[in-house]
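Reviewing the structure listed below.
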Amino acid sequence: MMAGSPPPSQVQTIHATCVAIEGCVILLTGPSGSGKSDLALRLIDRGAQLVSDDYTQISNAPDGTLIASAPPTISGKMEIRGIGIIEIPYIECISIRLVVELGEAPERLPLTALSARLGNIDLPMMKLSAFEASAPLKVEMMLRQIRNSGALPTGPHDER
């Protein structure tokens with residue numbers, strides 16, 4: 001276990017891929033085949049950094065944020081369909097700022113802001129079709145909007 005990482009009992013592994021853009025993690029969720037690795041690869045081509053592919057460990061940090069990291073067995077590895085598993089530079093333990101749920105095309109003009117609750121923390125969320133040519137741009141624009149508005153994840157909540 002690396003310094004500063006949470007105790008293993010507080011770590012949850014979820015089916016998600018994540019990349020970091022300028023120090024903020026974008027968690028890509030969705031069923032198998034929804035384009036998580038494909039979108040991550042296109043974001044990496046645009047300057048993002050891999051955190052974890054296919055499975056991600058999440059844990060609550062003492063400062064009220066949610067941390068993402070790769071399980072040790074897949075750190076620095078990414079599956080690219082038609083090629084196989086490749087080694088790729090990656091970063092460890094960084095705060096999640098946006099959840100992107102991949103699937104069907106989203107509403108054209110959503111009426112309300114979406115959020116996802118992970119690890120007892122509410123995070124901004126967007127829905128997206130990963131295979132649209134504009135998908136990487138949409139993720140970057142949403143992250144920029146979150147940064148500009150100051151909409152960061154809210155702290156821990158009681159679950160009563």
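The values are calculated or read from the model by the stated rules, or taken from the named source; none is laboratory data. Because the structure is a prediction, the values reported are computed rather than measured. Please note: Cβ atoms are built from the backbone with ideal geometry, for glycine as well, and neighbour counts cover all protein chains shown. Side chains are part of the model used for accessible areas, which takes the heavy atoms of the whole protein and leaves out ligands, DNA and RNA. Shrake-Rupley method; radii C 1.70, N 1.55, O 1.52, S 1.80 Å.
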inquiry  = Out of the residues in region 69-103 meeting the condition of being under 18 Å from the mean Cα position of the chain (by Cα) and surrounded by fewer than 12 Cβ atoms within 10 Å (Cβ to Cβ), tell me which one is farthest from T56 (Cα to Cα).
reply    = P89
key: Count of region 136-151 residues which are closer than 21 Å to G33 by Cα and in contact with a Lys or Arg (Cβ under 7 Å, 6 or more places away or on another chain)   = 1
remark   = Among the residues of region 39-64, the number that are open to solvent by 20 Å² or more (accessible area, probe 1.4 Å), farther than 20 Å from I86 by Cβ and over 13 Å from the mean Cα position of the chain (by Cα) is 4
query = When the residues of region 46-86 are filtered to those that are in contact with a helix residue (DSSP H, G or I) (Cβ under 8 Å, 6 or more places away or on another chain) and touching a residue at least 60 places away in the same chain (Cβ under 8 Å), which remaining residue is nearest to I14 (Cα to Cα)?
reply = S59
message = Any residue at all in region 16-38 that's within 14 Å of C93 (Cα to Cα), without any contact (Cβ under 8 Å) to a residue 60 or more places away in the chain and surrounded by 14 or more Cβ atoms within 10 Å (Cβ to Cβ)?
response = yes
